[in-house]
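Shown next, in structure tokens, is the structure this report addresses.
The values are calculated or read from the model by the stated rules, or taken from the named source; none is laboratory data. Everything numeric in this text was worked out from a predicted model, so none of it was measured. Neighbour counts are summed over all protein chains in view; Cβ atoms, including those assigned to glycine, are modelled from backbone coordinates with ideal geometry.
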Amino acid sequence: MTHERAMLNSVPSGHEHILDRLSVSGRQRVALILRQLAASDEPERARQSIECFLLELEAGLTTPQVTMGVRRSDEPASRRGIRVPEFGEKLLHLLLPKETREYLIGDLEEEMHTIIHPKFGPRFAKSWYWTQVVLSILSLRARFLGLGVLALLALAVRSLLF
Amino acid sequence: MGKEERLQQFERVVLQALLQLGGDAYGMTIRREVARRNQRMVSIGSIYATLARLQQCGLVTSHPAAASPERGGRRRRCFRIQASGVRALHAANAATKATWIPVAMVGAQA
């Protein structure tokens, strides 16, 4: 979170107002993209890429995924209805192991936007996304959840006995 | 008993998918290939859990790849099967063949 804030603070002057239009998840996405762009070996090129990206974002020329964080009223009508369920994404952020989080969320988002939504429509895409969220948490956090259940059982037994 | 022979069915399918997809295999493509082979829904989480196990065994390697806009600027993690993975797959398939009894023979014995 602090890393994200630091990344967003590094936005070149004169471009800060662009970030004001974005929601929390939108800012998270922008921070991720900025991190990618800043990772370039040539600092001057990285600076140009960041400026170019921010200008595109302001002009609404970026991809739907990037502008998904823009408030609903600012979105073009054609892009509505294909948002990734925000709560589901937050659950994944919260519960998945750090080492797979970014890749797994990216995979889900890519498949939802490029295959599931165009083929089956927004309703099915959302239910598909939620199914994947629940099953993925169960698969990757089975031991963690099992320990949680055991702890709850132990507490229940203790409260019954003492 | 070596780790090749302890490969579970799902791990075997994931390794086969990696072999089929070659160097461009990443979460989404692997999930789709495994779902196609299994003819049922597969969660991306189970794919990552299996890949982590295979990576721990040294059968698979991975490296982060560039981000793309359709992923909301997130990076991909590309997976590649190692020579040890191919050997493990061959050994597991050979073990299955060795213990396989045709259904017709079972019927005749009964």
Does B:Arg37 satisfy the condition of being within 15 Å of the chain's Cα centre (by Cα), closer than 21 Å to A:Ile115 by Cα, among the charged types (D, E, K, R) and surrounded by fewer than 18 Cβ atoms within 10 Å (Cβ to Cβ)? yes
Residue by residue through the range A:109-162, note down the ones that are under 24 Å from B:Thr29 (Cβ atoms), among the small types (Gly, Ala, Ser) and within 12 Å of chain B (Cβ to nearest Cβ). A:Ser127, A:Ser136, A:Ser139
Looking at the range A:99-137, which of its residues are surrounded by fewer than 14 Cβ atoms within 10 Å (Cβ to Cβ) and either among the acidic types (Asp, Glu) or assigned by TED's automatic domain parsing to the domain that holds A:Ile33 (or both)? A:Glu99
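Residues of the range A:110-162 being modelled with pLDDT under 85 and not aliphatic (A, V, I, L, M), which ones?
Kept after step one, since they are modelled with pLDDT under 85, are these residues of the range A:110-162: A:141-162.
Scanning the range A:110-162 gives A:Arg141, A:Arg143, A:Phe144, A:Gly146, A:Gly148, A:Arg158, A:Ser159, A:Phe162.
Going residue by residue through the range A:91-98, is there one that turns out to be within 23 Å of A:Ile33 (Cα to Cα), surrounded by 20 or more Cβ atoms within 10 Å (Cβ to Cβ) and not assigned by TED's automatic domain parsing to the domain that holds A:Val30? Let's see the steps before the verdict.
In the first step, residues of the range A:91-98 are kept if they are within 23 Å of A:Ile33 (Cα to Cα); the result is A:91-98.
Then keep just the ones that are surrounded by 20 or more Cβ atoms within 10 Å (Cβ to Cβ); that gives A:92, A:96.
The next check asks that each one be not assigned by TED's automatic domain parsing to the domain that holds A:Val30; those that pass are A:92, A:96.
Among the residues of the range A:91-98, at least one is within 23 Å of A:Ile33 (Cα to Cα), surrounded by 20 or more Cβ atoms within 10 Å (Cβ to Cβ) and not assigned by TED's automatic domain parsing to the domain that holds A:Val30, which makes the answer yes.
Using the structure shown, decide if A:Val66 is under 17 Å from B:Arg71 (Cα atoms), modelled with pLDDT under 70 and within 10 Å of chain B (Cβ to nearest Cβ).
Working: under 17 Å from B:Arg71 (Cα atoms): yes; modelled with pLDDT under 70: yes; within 10 Å of chain B (Cβ to nearest Cβ): yes.
Against the criterion (under 17 Å from B:Arg71 (Cα atoms), modelled with pLDDT under 70 and within 10 Å of chain B (Cβ to nearest Cβ)), A:Val66 qualifies.
If I ask for residues that are in a helix (DSSP H, G or I), of a type outside the set (A, V, I, L, M) and surrounded by 14 or more Cβ atoms within 10 Å (Cβ to Cβ), which ones from the range A:138-154 would you list? First the steps, then the outcome.
In the first step, residues of the range A:138-154 are kept if they are in a helix (DSSP H, G or I); the result is A:138-140, A:142-154.
Still in the list and also of a type outside the set (A, V, I, L, M): A:139, A:143-144, A:146, A:148.
Listed by number, the list holds a single entry, A:Ser139.
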